[in-house]
Amino acid sequence: MARYNDDLKQLNLPEIDKKIRSFWETNDIFKKSVEQRPVDNSFVFYEGPPSANGKPGIHHVMGRTVKDIFCRFQTMKGKRVERKGGWDTHGLPIELSVEKVLGITKEDIGTKITVDEYNAKCRETVMQYKDLWDDITRKMGYWVDLDNPYITFNNEYIESVWWLLGQLYKKNLLYKGYTIQPYSPAAGTGLSSHELNQPGCYKDVTDTTIVAQFLTKRESLPDFLHGHGDVYILAWTTTPWTLPSNTALTVGPKIDYVLIKTYNQYTFKPINVILAKALVEKQFAGKFEKTDSVDHLLSFNQSDKKIPYYIVTECKGQDLVGIRYEQLLKYAMPYQNPEDAFRVIPGHFVTTEDGTGVVHTAPTFGADDAKVAKEANPEVPPLLVMDEMGNPVPLVDLQGKFRANLEEIGGKYVKNEYYPDGEAPERSVDVELAIKLKEENKAFKVEKYLHTYPHCWRTDKPVLYYPLDSWFIRSTAMKDKMIELNKTINWKPAHTGEKRFGNWLENLNDWNLSRSRYWGIPLPIWRTEDATEECCIASIDELTIEISKANSSLGLNQVTPEDLHRPYIDSVILVSKSGKPMKRELDLIDVWFDSGAMPYAQWHYPMQNRDFIDKGITFPADFIAEGVDQTRGWFFTLHAIASMVFESVAFKNVVSNGLVLDKDGVKMSKRLGNVIDPFETIAEYGADATRWYMISNAQPWDNLKFDLEGIDEVRRKFFGTLFNTYSFFSLYANIDGFCYSEKRFPLDQRQEIDKWIISLLNSLVKEVSDEFSDYEPTNATRKIMAFVDEHLSNWYVRLCRRRFWKGEYSDDKIAAYQTLYECLSTLSKLTAPVAPMFADWLYKNLNDATGLENHESVHLADYPISDPAAIDKDLEQRMDYAQRISSLVLSIRKKEGLRVRQPLKKILLPILDPSFISQIDAVKELILSEVNVKEIEYITDTEGFINKKAKANFKTLGKLLGKNMKAGAQMIQEMDQKSITELEKTDQYIIEIDGDRYMLSNEGCRDKL
RNA sequence: AGUCUCGUAGCUCAGCUGGUUAGAGCACUACACUGAUAAUGUAGGGGUCGGCGGUUCAAGUCCGCCCGAGACUACCA
């Protein structure tokens, strides 16, 4: 006779893990679970590819648990859920780790090591931890196809990416332009924000700051500024070396400004200066004193201790817009439209927190500056000059030196830090300029100032903000489309989509695609030397055709490279329409484009599998999940590419999970040694307990304070209880030989308590399915836990124990077995998405013994469907009464010192309405045996035992009584027995408060005993 | 600096559109059970709901400010 497996004397989750894992592998359960479902009923899931360059951490277990849960759930709901794995193989972290291993820096590439050697090393390194990843994937029970993953460095993948870029190019969404980017002159490279955010990059530095006096041109002044003599505008800078590149002053249109008469503290010349009203006291602190008398001002003498200042008039920033001024330092003029330079423009970013409320604007060295200058009408030109080659260039070169032809500052580094050791001059350019301005009556104030400033993580020297040439995607052109499409996406949690992602889209900038690196997807754009002609290659075939054109036209002998990476692709020369040679733009593309391209590139679309996308078979995704940190990363790039190329969303539902912190809420880091090793955790506690803990403890999008004791609690409390329940069942079922071979008893032939637990079970099935459908796994697990612990184990099994061991193999006993079996079997399915191994172990133990279903694994079974006919809410309610009355009685016993062992004759139960009696009668026996009492006597108010009290129903009465609510509640509380009886009978009771009469009904008062 | 999230018992978390005495689990204490026993059950103590102010008859819940934690974006004269 078939037996229920009872090998395990006590719960051993790691043991179960091992058994089930090997069962899955030998029997190909994952594959079967996917393939048994129809192709035309798919649930599309995208795997955000991890980089195998780092080791898997506990947070990866978290993220992948979320992914796994919904994929497994949908599979059991009958969907075909393909789960193609993938590897992210490009990007800076990989380059950095290679450089670390080889002990080289970027400068060495091309000298100490060739580009192809370097790239070969990257290719090799990127998969260094693949085995660890495959291992954790298996051990944590994450089902994803590891055999056919997409790999972003493959030619097919790159080709799809090129095709996408080609689409953007055709739509005129790709362009080359310059932006201000962090740049390290010492390292000769632009820095990404990722690099800038390395720890220790922001340091406190003391800089020489200048409040400069910009002399306005009289004829451009508005009327109210006339007649005061020379008027200067004050502007503050922490980077005086940018002053020669100044081309505008920016004011806040709504900010209040004042005109002040005073004297320059260095030259003592009388001056009139304009600055923000809010900053007057800050700028005129110390040496200055305010005066209301013009005479006092005029009588000022150099030997006076304090310099007086007098406020002449005030105005709004808007009134200053358009004023022109003399160039402060005349080293060079903008090569284009110099007549539009040196004027006051409006800018909304201006604040009055620091400085003067007027921003010195040098469009070549500040991102805000460049933006506001562009927005001005007419556009303010940046200070660019022509170099020997006839190219427009800023006054500072790529080494961080002023250009040679700039008089005394020519050839000098803009910061002393850039000089080789020991060669820095005593006076930095900043100081030199400060002195010069002081002497020329152009400096209002020179001060040292302490602030944080970013430094290059490699050279440890300050970063420069510098205009660099880059390729951009004109995402701003598609902004509205992206916003509109985002509104159709179901974000979990909603605020990540509405706020974080929504705000990001509202403030969208063009996407800077360029990266000047070596290991990544090359930009497929070729240009002639003079940049007048260009082409964008969208496939390998196209490249081959263009190469042969170039070969015949230019007499070359090129072949299509086997590897599309640098350096091979760099040597390809194409020919333009007019017959000129074209070279590839040397940049690589942002790796984020790689991952955003994954819906298409994973299938080598459109060169292969056209239908997958065109017919919507694998696009868009029904579901994706990743950390919140991907909001501007993967979530955005997926969305941007889908919006721009396909005018579609890329995903319909997205779960963004939070961080995994240590148990004290501190971020895990190697430095602090608070990192949890996922392998150890799973080996010790089992994958299921780990997964269940992570999901049930906090919502996936809240940060999780990861505490091993929490896993232990889940193991004991939840899995332990379920295991014990099963052990209990199998112990007696094996003795009695129950194999569910008898016909299933209809519910109405079973005991009240059987009907009850089956009713609850069906309610649970509905709730849990709804929660999973709604991407709420935490609620689902919490509901299952409550059922298992509170109802199944603590009530059903405990009260029914006797039925399992007492007497013959009777119908009642069989009914009990059937009931418990059904609960356990259903639970195995309900829990399968979260605890796939334990669930399968439980399912197989049950089903292998009874053969009731023909599935070899729970993951091939269908998710349970709630049977509404089995749900009896009245029954659920009266059992709830029974539980509560029992608890109440036990509590009274406790208070009175009457042990449960001591039988009591009867309990008195006050009854408020007659339906209550029939409800209690149905569960009477349960209560009596539970509390060891012989009988229950119902008492009603007619017998005078009950002292009734009425209580206000605040919710309904609040509207009626308004501010008299408090008094009313008090009056109701004090109602006597007669009035209460009266109220119950007539359904009305009149109270009077402050002369106002109110008529109350039963609805407004609630009986309370 | 900005945007967003969070702050409820020693710990981890529930508290729906504002409504009566703010709830679970763990831990702790006491007890019961001894045919689920390296298991199970019951009872109990424990909270000025981060702080201040406002709206309201009524605020853990709504609004403002502040404090603290975290994430992202930016680094700005």
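Some values worked out for this structure:
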| item | result |
| --- | --- |
| Subset of the stretch A:887-920 [under 16 Å from A:Glu935 (Cβ atoms), assigned to a helix (DSSP H, G or I) and either more than 12 Å from RNA strand B (Cβ to nearest atom) or touching a residue at least 60 places away in the same chain (Cβ under 8 Å) (or both)] | A:Ile917, A:Ile920 |
| Close pairs from the stretch A:765-790: first in contact (Cβ under 8 Å) with a residue 60 or more places away in the chain, partner surrounded by fewer than 16 Cβ atoms within 10 Å (Cβ to Cβ), Cβ under 8 Å, at least 6 apart | A:Val765/A:Ile865; A:Ser769/A:Ile865; A:Tyr775/A:Asn490; A:Met785/A:Lys717; A:Asp789/A:Lys717 |
| Failed criterion for A:Val372 (all others in (1) within 30 Å of A:Phe284 (Cα to Cα); (2) of a type outside the set (Phe, Trp, Tyr); (3) away from RNA strand B (no atom under 16 Å from the Cβ); (4) in contact with a Gly (Cβ under 6 Å, 6 or more places away or on another chain) hold) | (3) |
| Any hit, the stretch A:748-762, residues being assigned to a loop (DSSP other than H, G, I, E, B) and more than 35 Å from the chain's Cα centre (by Cα) | yes |
| Number of the condition not met by A:Asp460 [criteria: (1) without any contact (Cβ under 8 Å) to a residue 24 or more places away in the chain; (2) within 9 Å of RNA strand B (Cβ to nearest atom); (3) in a loop (DSSP other than H, G, I, E, B)] | (2) |
| Boolean, A:Tyr325 is without any contact (Cβ under 8 Å) to a residue 60 or more places away in the chain and touching a Leu at 6+ places or on another chain (Cβ under 8 Å) | no |
| Failed item in (1) assigned to a loop (DSSP other than H, G, I, E, B); (2) under 42 Å from the mean Cα position of the chain (by Cα), with A:Asp880 passing the rest | (1) |
| Residue check for A:Thr631: in contact with a helix residue (DSSP H, G or I) (Cβ under 6 Å, 6 or more places away or on another chain), more than 30 Å from A:Phe787 (Cβ to Cβ) and within 11 Å of RNA strand B (Cβ to nearest atom) | yes |
| Complete set of residues in the stretch A:898-923 that are surrounded by 17 or more Cβ atoms within 10 Å (Cβ to Cβ), within 17 Å of A:Glu752 (Cβ to Cβ) and touching a strand residue (DSSP E or B) at 6+ places or on another chain (Cβ under 9 Å) | A:Ile920 |
| Test: residue in the stretch A:942-951 that is farther than 19 Å from A:Lys906 by Cβ, within 7 Å of RNA strand B (Cβ to nearest atom) and either at pLDDT 75 or above or surrounded by 17 or more Cβ atoms within 10 Å (Cβ to Cβ) (or both) | no |
| Every pair of residues 6+ apart whose Cβ atoms lie under 9 Å, when the first sits in the stretch A:392-409 and is in a loop (DSSP other than H, G, I, E, B) while the second is aliphatic (A, V, I, L, M) and modelled with pLDDT under 85 | A:Gln399/A:Ala186; A:Gly400/A:Ala186 |
| Matching residues, the stretch A:373-386, being assigned to a loop (DSSP other than H, G, I, E, B) and over 15 Å from A:Ser245 (Cβ atoms) | A:Ala376, A:Asn377, A:Pro378, A:Glu379 |
| Scope the stretch A:696-752; condition β-branched (Val, Ile, Thr) and either more than 10 Å from RNA strand B (Cβ to nearest atom) or within 30 Å of A:Asp629 (Cα to Cα) (or both); matching residues | A:Ile711, A:Val714 |
| Helices (runs of 4 or more DSSP H) contained in the stretch A:1-101 and holding at least 3 residues free of Cβ contacts under 8 Å to residues at least 24 places away in the same chain and over 21 Å from A:Ile695 (Cα atoms) | A:13-27 |
| Subset tally (residues that are in a loop (DSSP other than H, G, I, E, B) and either in contact with a Ser or Thr (Cβ under 7 Å, 6 or more places away or on another chain) or crowded, with 18+ Cβ neighbours inside 10 Å (or both)) for the stretch A:333-351 | 5 |
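Yes/no matrix, rows are residues, columns are (1) touching a Pro at 6+ places or on another chain (Cβ under 6 Å); (2) more than 13 Å from RNA strand B (Cβ to nearest atom):
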site	(1), (2)
A:Asp340	yes, yes
A:Arg343	no, yes
A:Pro346	yes, no
A:Thr351	no, no
A:Pro381	yes, yes
A:Leu384	yes, yes
A:Leu398	no, yes
A:Arg403	no, yes
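Here is a yes/no grid of residues against (1) hydrophobic (A, V, I, L, M, F, W, C); (2) modelled with pLDDT of 90 or more:
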| site | (1), (2) |
| --- | --- |
| A:Leu672 | yes, no |
| A:Glu684 | no, yes |
| A:Met694 | yes, yes |
| A:Phe718 | yes, yes |
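Residues are listed down the side, and each one gets a yes or a no for (1) surrounded by fewer than 21 Cβ atoms within 10 Å (Cβ to Cβ); (2) in a helix (DSSP H, G or I):
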residue: A:Thr690; (1), (2): no, yes
residue: A:Tyr693; (1), (2): no, yes
residue: A:Pro700; (1), (2): no, no
residue: A:Glu709; (1), (2): yes, yes
residue: A:Glu713; (1), (2): yes, yes
residue: A:Arg716; (1), (2): yes, yes
residue: A:Phe719; (1), (2): no, yes
residue: A:Asn724; (1), (2): yes, yes
residue: A:Phe729; (1), (2): no, yes
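The values are calculated or read from the model by the stated rules, or taken from the named source; none is laboratory data. None of the values given here were measured: they were computed from a predicted structure. A quick note on method: Cβ atoms are made from the backbone with ideal geometry, for glycine too, and the neighbour counts reach across all protein chains shown.
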